[in-house]
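Novice: After the structure tokens below, expect a handful of questions from me.
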Amino acid sequence: LDEKGSLRGVERPDTDDESDLKEWFLENVDTNELRDQYSPIEDDLTREVYTLLHSMSHALMRTASGQCGLDSNSISEYVMPSIPAIFLYASSTEHFSLGGMHTLFKTRIHPWVDETIADVQQCVYDPVCVHEDGACHACLHMSEVACESANGSLDRRYLVGDDRGRIPAFWESEYV
């Protein structure tokens, strides 16, 4: 947020103090903006945080299926921007589904994140996709059953940056 210039007019948190950082998110991210999934998020800071987390969630959901054996549409999300965190879960209550997600988090977290960072660097529709506002069906969109906000507030540039330098990459990559 700071690198992007989104903190103008907002007191910057002390990033070295975890307690201060948590308090800053709780005080500055307006969760009332997120009650209606079909309305745009008006608060700029809340929109920035939510878009980053939501884009990250979809990128991780897309690659999770190859790591744990679940179809990507059977993995759902819950985005919590005031913490900030995402929660991914198997939307099925079958034992295998729950076990697959447990194993993914317990033993495959690093390969999963590495694969996700590599996967999100390119889209079949680049360079058009990376220059557009949002994300396309080929890179971040999920089924609407799996997505908490009907594929709204997604932008791959928040993860990989843009070549114009307006949006810095959240995920630094050795794959570029």
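Novice: Around Ile75, which amide H atoms from residues at least 5 apart in sequence, or from another chain, sit under 5 Å from its own amide H, with H modelled in the peptide plane?
Specialist: Amide H neighbours of Ile75: Ser91.
Novice: Quick one: among Leu45, Leu53, Leu140, which has the greatest mean-square fluctuation in a GNM of the chain with alpha-carbon springs under 10 angstrom?
Specialist: It is Leu45.
Novice: Considering the chain as a Gaussian network with a 10 Å cut-off on Cα pairs, which listed residue, Ala138, Ala85, Ala146, attains the greatest mean-square fluctuation?
Specialist: In this elastic network of the chain, the residue with the biggest mean-square fluctuation among Ala138, Ala85, Ala146 is Ala138.
Novice: Can you work out ³J(HN,Hα) from phi for every residue in region 24-39, in order, using Karplus 6.51 cos²θ - 1.76 cosθ + 1.60 and θ = phi - 60°, giving whole Hz and x for Gly and Pro?
Specialist: 4, 4, 4, 7, 10, 9, 8, 6, 5, 5, 9, 6, 10, 5, 9, 9
Novice: Could you give me the ³J(HN,Hα) list for region 148-161, computed from phi with Karplus coefficients 6.51, -1.76, 1.60 and θ = phi - 60°, whole Hz, x at Gly and Pro?
Specialist: Coupling constants for region 148-161: 6, 10, 6, 6, x, 6, 10, 7, 5, 4, 5, 8, 10, x Hz.
Novice: Calculated from DSSP H runs of 4 or more alone, at -39500 (n - 2.57) each and per residue, what is the 222 nm mean residue ellipticity of the chain, nearest 500?
Specialist: -12000 deg cm²/dmol
Novice: Okay, moving on. For region 111-120, take each phi angle, set θ = phi - 60°, evaluate the Karplus expression 6.51 cos²θ - 1.76 cosθ + 1.60, and give the result in whole Hz per residue in order, putting x for glycine and proline.
Specialist: For region 111-120, the Karplus curve yields x, 5, 5, 4, 5, 5, 4, 5, 5, 7 Hz.
Novice: For Ile167, which sequence-distant residues (separation of 5 or more, or a different chain) have an amide H within less than 5 Å of its own amide H, given hydrogens modelled in the peptide plane?
Specialist: The list, which skips near neighbours in sequence, is Asp162.
Novice: Moving on. If you average the sequence gap of Cα pairs under 8 Å that are 6 or more apart and divide by the length of region 1-145, what percent do you get for the contact order?
Specialist: Relative CO of region 1-145 lands at 20 percent.
Read-outs: derived from the displayed coordinates by stated rules, not from any lab. This one's a predicted model, so the numbers in the text were calculated from it and none came from an experiment.
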